[in-house]
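Chemist: Below are the structure tokens for one structure; questions will follow.
Bear in mind that the values in this text are calculations on the coordinates, not laboratory data. Nothing here was measured: the structure is a model prediction, and the numbers come from that model. Cβ: placed from backbone, ideal geometry, glycine included. Neighbour counts: every protein chain shown.
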Amino acid sequence: MTAEALARRLRGSVLRAGDPGLAAETLAYNTAFTLAPDLAVRATCPDDVAAAFGHARERGLGVAVQATGHGLTADVAGALLVSTRGMRAVTVDPGARTARIEAGATWGEVIKATTPYGLAPLNGSFPGVGAIGFTLGGGLGPMSRKYGYAADHVRSFEVVTPDGVTRTVDPEREPDLFWGLRGGKGNLAIVTSMVIGLVPVARFYAGGVYFAGESAEDLLHAYRDWVTGLPDETTSSIAILRLPDAPGLPEQIRGRVVVHLRMAHLGSAEEGAALVAPLRRMGTVLLDELRERPYTEVGAIHNDPPNPLDFGEYCVLLRDLPVGDLLAAAGPDVELPLDLVEIRHLGGAAAREPQIPNAVGGRDAEFCLLSVGLPEYTATAGAAVANAVAASHTGGTLLNFCGQGDPRRAYTAETYGRLAALKRVYDPQGLLRFGHVVEV
């Protein structure tokens, strides 16, 4: 099949090298990697995805899929790229507390659709992330201690498998595939839509407090003790940030090393303020943005950069928090080519298997240690930070934060073996060979 013949079969469109619009269609949030596909299909429906798979099988091309490009882990060349940006509908059923989300929708678009009904999804820290890619990787978010991972709340998927078949996948129809999609990332099919359960959250006590970097030792020791008494309604993290002297940043923190305490409490402002009061007293506050908010402001908790940028990630999971070792490797006085070294508190519902089990790993960890910086530094500097606390490692990682690391670490051997068996069934030709690939 020629590209012209493929284009005639699509409701969407085909873009080739040199075509106007290709650069915009393939622009990824993570600009560290190059997207140079042989051709891109801008899909608008499942039939477009099926046609793309047919072309790839005939031509022997690998297939990559992208909505926002937050999850890129390597260059993509010599491939057929399926862009799902033309599929963005979000439909809310407030009575059932569910939302049907198409493959290109971002969490920001989902939140905009659900919050008028006093409902919220299990989204990530940045509303610009694609909802489906995030969920397929597990999906750790600002309410995870109360409600678990995003993948735990999927009711059903509509997918196209590499054989070109459109399937509805849920606990009754193809339950093994349903298990593997929730946590197995993009190894088994291209998801064209999913139905998720929503939670009754309209407002919460949330945001962050920025402290001077010299407060790091007192704050991290206090944070380690503080989290042991938190209810599941409170999800938090603490990060050492090395911020640039950039005009878009608040003057109080611009160009400084700061400690950023992040928190979301599903309760009253009075409860939240009382919970965080001991930490507020532990350091020099530069900027305090912790307050009661509508859920539409969920992005203000982490304040992730809104525009595309180069970055790499290095993530390990910890059973405890050795503050002294961490500060020796990543404290404010250490010369370190990383923008962020973050500790996320896990546990609560994130530690419990959902009612319908899935492939999400890491539920035995108490903390997630994540380093972020330019890719050329993250692999070495991030590894050095992780190695400094090696005695506390569980051996695991979170797939969405795995970066260029080995995705096997996100699973037990049993789970990885089960995913590999599903890969042999649903993608025997290995068409889906980009990203965190399960090797068979």
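Chemist: May I ask for the equivalent-ellipsoid semi-axes of the stretch 371-440, computed as the square root of five times each C-alpha gyration tensor eigenvalue and listed largest first in whole Å? Each step should come with its number before you reach the end.
Modeler: Values: eigenvalues 149, 49, 9 Å².
Calculated on Cα positions only, the semi-axes equal 27, 16, 7 Å.
Chemist: Also, quick follow-up: Treat the count of other C-beta atoms within 10 Å as a stand-in for reagent exposure and order 1, 282 from fewest to most. Display every interim value, and only then the final one.
Modeler: Values: 1 14, 282 19.
Going from sparsest to densest Cβ surroundings: 1, 282.
Chemist: Would you compute, from DSSP H runs of 4+ residues alone, the mean residue ellipticity of the chain at 222 nm, taking -39500 (n - 2.57) per run and dividing by the full residue count, rounded to the nearest 500? Working shown, then result.
Modeler: Working: 12 runs with 101 residues, N = 440.
Estimated from H runs of four or more residues: -6500 deg cm²/dmol.
Chemist: Can you compute the modelled spin-label distance between residue 280 and residue 433, with each label point 7 Å from Cα toward Cβ, in nm?
Modeler: 5.6 nm
Chemist: With unit charges on the beta carbons (Lys and Arg positive, Asp and Glu negative) and the dipole taken about the Cα centre of the stretch 323-395, which residue among 348, 383, 358 sits farthest to the positive side?
Modeler: The Cα lying farthest towards the positive end belongs to 358.
Chemist: Among 307, 10, 133, whose Cα sits farthest toward the positive end of the charge dipole of the chain (+1 at Cβ of Lys/Arg, -1 at Cβ of Asp/Glu, about the Cα centre)?
Modeler: Of the options given, the answer is 10.
Chemist: Let me ask you something else. Over all alpha-carbon pairs of the stretch 90-200, lay out the pair-distance distribution in 10 Å bins, whole %, shortest bin first.
Modeler: That works out to 16, 52, 29, 4, 0, in percent per bin.
Chemist: Between rounded, prolate and oblate, where does the stretch 306-354 land on the alpha carbon gyration tensor, with a ≥ b ≥ c its root eigenvalues, rounded for a/c under 1.5, else prolate if a/b exceeds b/c?
Modeler: Details: a/c = 3.08, a/b = 1.28, b/c = 2.41.
Cα axes put the stretch 306-354 in the oblate bin.
Chemist: Considering only 327, 410, 431, whose Cα is most displaced toward the positive end of the charge dipole of the chain, charges sitting on Cβ of Lys, Arg (+1) and Asp, Glu (-1)?
Modeler: Among 327, 410, 431, the one farthest towards the positive end of the dipole of the chain is 431.
Chemist: Could you line up 68, 44, 235 from fewest to most neighbouring Cβ atoms inside 10 Å?
Modeler: Details: 68 24, 44 20, 235 29.
Fewest to most other Cβ atoms nearby, the residues stand as 44, 68, 235.
Chemist: Assigning unit charges at the beta carbon (Lys, Arg +1; Asp, Glu -1) and nothing else, what dipole magnitude in debye, to the nearest 20, does the stretch 31-190 show about its Cα centre?
Modeler: On the way: 15 positive and 15 negative charges, 101 e Å.
Using only the charged Cβ atoms, the result is roughly 480 debye.
Chemist: With +1 on each Lys and Arg Cβ and -1 on each Asp and Glu Cβ, and nothing else charged, work out how big the dipole of the stretch 203-410 is about its Cα centre, in Debye to the nearest 20.
Modeler: Numbers: 16 positive and 28 negative charges, 70 e Å.
My answer is approximately 340 debye.
Chemist: While we're looking at this one, here's another question. Can you give the translational diffusion coefficient of the chain in µm²/s, computed by Stokes-Einstein from the Kirkwood radius over Cα pairs at 25 °C and 0.890 mPa s?
Modeler: Details: Rh = 22.2 Å.
In µm²/s, the coefficient rounds to 111.
Chemist: Between helix 269-280 and the chain, what is the angle of the helix's C-alpha long axis to the longest principal axis, kept within 0 to 90° and rounded to the nearest 10?
Modeler: With both axes taken from Cα atoms, the answer is about 70 degrees.
Chemist: Highest first, please rank the peptides 91-97, 313-319 by the mean number of other Cβ atoms sitting within 10 Å of their residues.
Modeler: Working: 91-97: 13.3, 313-319: 23.4.
Descending mean neighbour count gives 313-319, 91-97.
Chemist: Hey, in the GNM for the chain with a 10 angstrom Cα cutoff, which one of 253, 301, 190 fluctuates hardest?
Modeler: Comparing 253, 301, 190 in a Gaussian network model of the chain, the most mobile one is 253.
Chemist: Identify all lysines with a Cα-Cα distance to residue 112 below 23 Å; exclude those on the same chain that are fewer than 8 residues away in sequence.
Modeler: Within the straight-line limit of under 23 Å, residue 112 reaches these lysines: 146.
Chemist: Identify which of 297, 342, 174 has the largest mean-square fluctuation in a Gaussian network model of the chain, with springs joining Cα atoms closer than 10 Å.
Modeler: 174
Chemist: In addition: Can you tell me which lysines have their Cα less than 26 Å from the Cα of residue 423? Leave out same-chain residues fewer than eight positions away.
Modeler: Residue 423 reaches 185.
Chemist: Counting alpha carbon pairs within less than 8 Å and at least 6 residues apart, what relative contact order, in whole percent, applies to the stretch 31-150?
Modeler: Details: 218 pairs, mean separation 25.5, N = 120.
Taking the mean separation of contacting Cα pairs over the length of the stretch 31-150, I get 21 percent.
Chemist: Could you line up 368, 45 from fewest to most neighbouring Cβ atoms inside 10 Å?
Modeler: On the way: 368 22, 45 17.
Final ranking by Cβ density, sparse to dense: 45, 368.
Chemist: Quick one: dipole size for the chain, taken about the Cα centre, charges +1 on Lys/Arg Cβ and -1 on Asp/Glu Cβ, in debye to the nearest 20.
Modeler: Details: 39 positive and 49 negative charges, 216 e Å.
It works out to roughly 1040 debye.
Chemist: What fraction, in whole percent, of alpha-carbon pairs in the stretch 1-127 exceed 25 Å separation?
Modeler: 32 percent
Chemist: How would the stretch 203-410 be classified by its alpha-carbon gyration tensor: rounded, prolate or oblate, with rounded meaning a/c under 1.5 and the a/b versus b/c comparison settling the rest? Numbers along the way, then the final one.
Modeler: Details: a/c = 1.40, a/b = 1.06, b/c = 1.32.
Taking the square roots of the gyration eigenvalues as a ≥ b ≥ c, the stretch 203-410 is rounded.
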